[in-house]
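The values are calculated or read from the model by the stated rules, or taken from the named source; none is laboratory data. As the structure is a computational prediction, the values presented were derived from the model and not from experiment. Cβ coordinates were reconstructed from backbone atoms using ideal geometry, including for glycine residues, and neighbour counts include every protein chain displayed.
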Amino acid sequence: MTTGRWSLAIVSFAGAIGVSLYIVFTSWPHSHQPVSVSVSTHGILLVVALLELGARGAKLTLSAASLRIPMTFSSALRASAGGDFGAAITPARTGAEPARYLILTEAGMPSANIILVIFAELFLEMISLALIALAMFFAFRGSGDMILGMVGLVAMYATFVLGIGALGFILARRNTNGPPPAWLQRLGMNAGRWRTVRRSLRQLRAGIEGMKHMRPGYALLALLSSILHVALRLAILPIIVYSFGERAELAPLILWPIALTYGSVVMPAPAGGGFIEVAFKETLGHAIPARILGASLIWWRFYTFYLYIILGALAAGGTVLRALRENGEEKIEAAAAAG
């Protein structure tokens, strides 16, 4: 991370926190006393958040097992938490995959295996989101614009994932000998970095062949773990809102968080720069009573975003920062170009 990138991250986080505080003070009716989440509710939310992280670790481990690639659960858990940390402090979450790549590299996994597992895990994530979107469509078919917005943003996320995969596959199939292509040279790719990318592309080409031997049983278990992790994350906001004893419609408490969570992947600023907070108020301000809107926003963001930054920093913060330093750019570019 350069000084400029750190400055962008700090300003963006300050913007997100500032917008949160602004929403708290402007939406809180003056006639009401402050509200707080009970200790027991915090305990439940913490357990749900940790189970969600564990489900993601299981998904990564089972994705590796489906490809006959050894991976320990502890390595998968560190990679998942470290990926959250890397994603949070970089624009458009670009640091997530490089962070996971380096964490698994330091765990002793070959590059080709890492790239293949990450591809498989992202693909399963996309399928699980499609299945959940389909289930939500039938469960809340009368929700109109909310359903359309959620399906649209899930489709955007799927396009993003497939686009990355397709680009890596196309590049891997091409002859990568010689100098970098003209379009990469225009983007600043020099010969040294291109050699690093070529090595990763050759490894990816070999890894793609391994997809033919995927074990369906483990792949199904990984898919179920992916569905579980999404479901656990979606449970956070309803738990917070209903813990205050307020009556609120369930559909928006589930549908809009899907759109906000997966729509944030296209946001250029780390932490969204306040966009997520503004979108939360605009989409859920009519569904959550004004008395608890600010508190719901603060604790929803904490248990779905800030907590994972803390856990990621504790689990693999040093490794992630090494992955994002300028002297590690070649590894990052190789990982990004290959997957």
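Worth pointing out:
- Residue in the stretch 288-339 that is surrounded by the fewest Cβ atoms within 10 Å (Cβ to Cβ), counting only those that are at pLDDT below 90 and either touching a Cys at 6+ places or on another chain (Cβ under 8 Å) or not in a helix (DSSP H, G or I) (or both): ARG325
- The stretch 128-141 residues that are outside any helix (DSSP H, G or I), paired with ones that are modelled with pLDDT of 85 or more and surrounded by 14 or more Cβ atoms within 10 Å (Cβ to Cβ) (beta carbon under 6 Å, 6 or more apart): PHE140/ALA251
- Filter pass, PRO91 being over 15 Å from ILE310 (Cα atoms), surrounded by fewer than 23 Cβ atoms within 10 Å (Cβ to Cβ) and out of contact with any Leu (no Cβ under 9 Å at 6 or more places or on another chain): no
- Among the residues of the stretch 232-255, the one identified as within 16 Å of LEU45 (Cβ to Cβ) and basic (Lys, Arg) is ARG233.
- Condition met for GLY108 (out of contact with any Ser or Thr (no Cβ under 7 Å at 6 or more places or on another chain), of a type outside the set (D, E, K, R) and within 26 Å of PHE13 (Cα to Cα)): no
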